[in-house]
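Working notes for the structure below.
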């Protein structure tokens with residue numbers, strides 16, 4: 001579970017073109033709730049333009065560490081990141 005982190009940056013060319021997308025990122029979350037940079041992998045992506053901001057989002061997010069018998073442990077997670085254009089009101 002993501003506890004904190006800034007929203008992923010929507011790539012301007014894709015926003016301007018009205019293209020939504022989804023990136024699925026696999027990452028190892030350490031015992032402190034941080035993504036291990038060397039473990040970040042793009043598993044699926046609707047458009048490669050979304051990959052860098054999705055990767056950046058994961059690297060700067062804070063996660064709730066997994067626990068086994070009350071102890072924090074490293075865990076591999078798959079995180080879907082959606083990019084959607086929201087109409088202004």
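Quick note: the coordinates plus some simple rules give every number you see, no bench work behind them. None of the values given here were measured: they were computed from a predicted structure.
Over 16 Å apart: what share of the alpha carbon pairs of the stretch 22-83 falls there, rounded to a whole percent?
On the way: 768 of 1891 pairs.
More than 16 Å apart: 41 percent of the Cα pairs in the stretch 22-83.
Please compute the length gained on full extension between residue 74 and residue 9, using 0.36 nm multiplied by the number of residues separating them and subtracting their Cα-Cα distance.
Numbers: separation 65, 0.36 × 65 = 23.40 nm, distance 2.70 nm.
Length gained between residue 74 and residue 9: 20.7 nm.
Quick check: the angle from helix 51-60's long axis to the longest principal axis of the chain, C-alpha only, nearest 10 degrees?
Roughly 40 degrees, rounded to the nearest 10.
Run the numbers on the stretch 22-83 and let me know its relative contact order in percent, using alpha-carbon pairs under 8 Å that are six or more apart. Mind dumping the intermediate values first?
Details: 117 pairs, mean separation 29.8, N = 62.
The normalised contact order for the stretch 22-83 reaches 48 percent.
Can you grab the distance from the C-alpha centre of the stretch 5-27 to the C-alpha centre of the stretch 62-80, Å, no decimals?
For the stretch 5-27 versus the stretch 62-80, the Cα centre distance is 24 Å.
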